[in-house]
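Comments concern the structure below.
Quick note: the coordinates plus some simple rules give every number you see, no bench work behind them. Note that the coordinates shown come from a computational prediction; the quantities given were computed from them, not determined experimentally. Here the Cβ is made from the backbone with ideal geometry for all residues, glycine too, and neighbour counts use every protein chain on show.
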Amino acid sequence: MNKEQLIIDVQGLSKDYQDGVKQVRVLKQLDLKVSSGELLAIIGQSGSGKSTLLHVLGGLDVPSEGRVEIIDTDIHSLSAKQQGLFRNKHLGFVYQFHHLLPEFTALENVAMPLLIAGKSVAKATDKAKQLIDAVGLLDRMEHKPGELSGGEKQRISLARALVTEPDCVLADEPTGNLDKKTADATFELMLKLNKEMNTSFVIVTHDQLLASKMHRTLVLEQGKLIALN
């Protein structure tokens, strides 16, 4: 992948919500560009629209106005099925509450995106083991989420997000429920995988320390993205 490739290109993005009889504009004609291998933090007060922005970027919510291009593709012009296939190939997601499937082992959770993409069980399992090894949890791969600690669940979630070798990972408060030591370890892991795989990360966070470690930080304020000096 060309290091200068534009992974995300957002133009004139707005998002409205209906609040009773009143329409509220959460995102206001904002623009955003993210290059391959870039680490971007987006910070802002609760309710500022950070998670909404992430969901629109990932095609999980639709914009009221504007265009979201991922790898030169307008993700919102695709059908629901096409969007799912596109997300599976190009995007990884990490959530504050991990969203692992409780009935499956860590290994099965990490292999799931590859199985959905049509890979064989053998290939999906082999690749999932590689990623679980990368996050340091090979000895826990046969455990179900209920048997894992919070930090272990988040690391497995990160492995799942990266198993398809996506161009970009969208992470919503990925260290929000972790103690400082585990949060630091999780971020160091993100840095390592970012360097090894040239994966971009867009991280929504309240954690100012985490944001300060990124290549670039933007503040979402009154529906607009503002560069932090």
Degrees, to the nearest 10: 80-90 long Cα axis against longest axis of the chain: 60 degrees
Sorted by Cβ neighbour density within 10 Å, fewest at the top, the residues F93, F104, F187: F104, F93, F187
Derived scalar couplings ³J(HN,Hα) [segment 33-42; Karplus, 6.51 cos²θ - 1.76 cosθ + 1.60; whole Hz; x for Gly, Pro]: 10, 10, 8, 4, x, 7, 10, 10, 9, 10
Residue of L85, L27, L54 that the Gaussian network model of the chain assigns the largest fluctuation, springs spanning Cα pairs under 10 Å: L85
GluC sites (Glu not before Pro) within segment 47-111: DSSP coil, no more than 10 neighbouring Cβ in 10 Å: E103
V56, V110 arranged by Cβ crowding within 10 Å, fewest neighbours leading: V56, V110
Farthest toward positive dipole pole in segment 119-229 [+1 Lys/Arg, -1 Asp/Glu at C-beta], among L210, V135, L162: L162
Whether segment 130-229 is rounded, prolate or oblate, judged on the alpha carbon gyration tensor where a/c under 1.5 counts as rounded: prolate
Backbone HN-Hα couplings from phi across segment 159-172 [Karplus 6.51/-1.76/1.60, Hz, Gly and Pro as x]: 4, 4, 5, 9, 5, 8, 6, x, 6, 8, 10, 9, 10, 9
Derived scalar couplings ³J(HN,Hα) [segment 209-216; Karplus, 6.51 cos²θ - 1.76 cosθ + 1.60; whole Hz; x for Gly, Pro]: 5, 4, 4, 5, 8, 7, 5, 8
Part-to-part distance (alpha-carbon centres) for segment 195-229 and segment 83-153, which is given in Å: 25 Å
Helix 106-116 vs. the chain, principal-axis angle (Cα, 0 to 90°, nearest 10): 60 degrees
Most mobile listed residue (D184, D139, D19) in the chain, GNM with C-alpha springs under 10 Å: D19
Order of T175, T164 under a 10 Å beta carbon neighbour criterion, fewest first: T164, T175
Compactness of segment 1-118 as Cα Rg over 2.2 N^0.38 Å, two decimals: 1.18
CD proxy at 222 nm, helix term only [per DSSP H run n ≥ 4: -39500 (n - 2.57); per residue of the chain; nearest 500]: -10500 deg cm²/dmol
Degrees, to the nearest 10: 180-197 long Cα axis against longest axis of the chain: 90 degrees
Mean projected area (nm²) of the alpha-carbon convex hull when segment 174-229 is viewed from all directions: 4.3 nm²
Alpha carbon convex hull of segment 1-63, projected area averaged over orientations, nm²: 5.0 nm²
